[in-house]
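Enquirer: There's a structure below that I have some questions on.
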Amino acid sequence: MAKTIQAVRGMNDLLPEQIHFWQFLEREVRTILTRYGYEEIRLPIVEKTELFARSIGEVTDIVEKEMYTFTDRNGESLTLRPEGTAGCVRAGIENGLLYNQTQRLWYQGAMFRHERPQKGRYRQFHQIGAEVFGLAGPDIDAEMIVMTARFWQALGLEQVHLQLNSLGSNAARAQYREQLVNYLSDHYDQLDEDSQRRLNSNPLRILDSKNPALQSLIAQAPQLADHLDAESRDHFAQLQDYLTAAGLVFTVNPRLVRGLDYYNRTVFEWVTDQLGAQGTVCAGGRYDGLVAHLGGQNTPGVGFAMGIERLVELLRVSQNTVADTRPHIYLIRAGDSAQLPGFLLAEELRRQLPELRLLLHCGGGNFKSQFKKADKSGAKWALILGEQEVQENTVTLKFLREEKPQLTLPQHDLIQVLKQDDLATNDFTQPS
Ligand code: ATP
Ligand code: MG
């Protein structure tokens, strides 16, 4: 036998057994995005490497060590997208969507980062993200965050908490950065190797370090909040007022700085303690300078992205109920004369009952083996068409999940019986 080939490490198949959760999540989120006026944009998976280097920043984890970059046959350096914002901004500029306009956009799809695979961290993972262009005020930040809260509500996820911070203006951040570097340089020996390396390239990220040995040093570091410019402070205060008035509970986390270079003012994360170390399920913030930085007209922007794998895992551990996709009916055909009539009966039922999920047994086999498959399919009913039924224009309905005697009825009565059953509302909890 030929040797089998395995998938690339950290790149997973999403099997039918878990796809209900994905579809449920995608459907709920898409509905809410549409209700808030967001429109979908579909973007290429591959972009020029330069786009990410310039937007995300040369000295971020993503650009330094996580990107899948390759030279194509024309000698051009290309990269599998590690996130969606850069491509969205690029497309907005290129297609003239941003100048003097307001845009609320969302996207969905696979992202690629060469990280160490572990629970909640993969090399191909999936995000749904949204970006708003052309609005600078705290009201849109608030609306966006309230919308994400509505996602969790719709998905039945209660164990997620909102963290907020403001990074201020670029000028204020530069000033703060200087003070932080001074402070950290005074304690250079206490820094770990990663932080020493970041001290001059991306010192704010040191605040985000998970190393327990650094925590007290970080706690005593000068705080960005004390260095915010007046306008940013006001923006942040208004944002908090909006959120509080809308009934959202949040924590201001002065150490929340986010991994990417392009953020200013608002940054936020939704975090859960149900998933172990990889607890951030949604993260975003404001990036007023990015569009201009990528060559467009000066346009404010704000956005977020959520990690679908982590949210699906949260749905699973919360034992959430998702829509049923098991068949209502498994149709069994017994005998040669039942083959074509059974096939046509299935089509007629599908035509008359748009909600109906019907699995037609194909591939032959005796009655017993077909019946076993009917049971295994999870169907509610087995519908049996044998030679006698064909002759009499009847069909036999057998209840697979209820203690009820089977009944044989005329085919045209069957539709009425099925119509009495509420085919649309049939929920189940995925067995774990
Ligand atoms: P983390 O701190 O977990 O590395 P990040 O700051 O790198 O996250 P973002 O770039 O903000 O993540 O991406 C937004 C969301 O996408 C994250 O909050 C997370 O839910 C998800 N995500 C990021 N990287 C991965 C990954 N390698 N595998 C699965 N999900 C991921
Ligand atoms: Mg990361």
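Enquirer: Can you give the Rg to Rh ratio of the chain, both from alpha-carbon atoms, with Rh computed by the Kirkwood formula?
Expert: Reported Rg/Rh, Kirkwood definition of Rh: 1.10.
Enquirer: Tell me whether segment 25-183 comes out rounded, prolate or oblate; compute the Cα gyration tensor, take square roots of the eigenvalues as a ≥ b ≥ c, and use a/c under 1.5 as the rounded threshold.
Expert: Taking the square roots of the gyration eigenvalues as a ≥ b ≥ c, segment 25-183 is rounded.
Enquirer: Based on Cα coordinates alone, diagonalise the gyration tensor for segment 118-190, multiply each eigenvalue by 5, take square roots, and list the semi-axes in whole Å, largest first.
Expert: 32, 22, 13
Enquirer: Further question on the same structure: Distances longer than 18 Å among the Cα atoms of segment 326-429: what percent of all pairs is that?
Expert: Result for the distance tail: 43 percent.
Enquirer: Projected area of segment 117-249, taken from the Cα convex hull and averaged over every viewing direction, in nm²?
Expert: Details: hull surface 42.8 nm².
Mean projected area of the Cα convex hull: 10.7 nm².
Enquirer: Counting other Cβ atoms within 10 Å, keep those with at most 14, restrict to DSSP loop, and tell me which trypsin sites (Lys or Arg not before Pro) in segment 156-231 are left.
Expert: When the trypsin sites (Lys or Arg not before Pro) of segment 156-231 are filtered for loop state and at most 14 Cβ neighbours within 10 Å, Lys210 remain.
Enquirer: Now a separate question. Counting other beta carbons within 10 Å of each residue's own, what order do Thr266, Thr280, Thr394 fall into, fewest first?
Expert: Ordered by Cβ neighbours within 10 Å, fewest first: Thr280, Thr394, Thr266.
Enquirer: Once the Cα atoms of helix 339-352 and of the chain are each reduced to a long axis, what angle between those two axes, in degrees from 0 to 90 to the nearest 10, is obtained?
Expert: Around 50 degrees separate the two axes.
Enquirer: Taking the alpha-carbon distance from Lys210 and a cut-off under 20 Å, which lysines remain once sequence neighbours fewer than 8 residues away in the same chain are dropped?
Expert: Within the straight-line cut-off, Lys210 pairs with Lys65, Lys119.
Enquirer: Now for a separate question. Once you keep just the Cα pairs under 8 angstrom separated by 6 or more residues, what percentage relative contact order results for the chain?
Expert: 15
Enquirer: Please rank Met144, Met1, Met111, fewest neighbouring Cβ atoms within 10 Å first, as an exposure proxy.
Expert: Met1, Met111, Met144
Enquirer: In addition: Picking from Cys282, Cys88, Cys362, which is most flexible by a Gaussian network model of the chain using Cα springs under 10 Å?
Expert: Cys362
Enquirer: Considering only DSSP states other than H, G, I, E and B, which GluC sites (Glu not before Pro) in segment 137-241 qualify as loop sites with at most 14 other Cβ atoms within 10 Å?
Expert: Values: sites: Glu143, Glu158, Glu178, Glu193, Glu231; in loops: Glu158.
Those satisfying the criteria are Glu158.
Read-outs: derived from the displayed coordinates by stated rules, not from any lab. None of these values were measured; they are calculated from a predicted model. Every residue, glycine among them, receives a Cβ derived from its backbone with ideal geometry; neighbour counts consider all protein chains shown.
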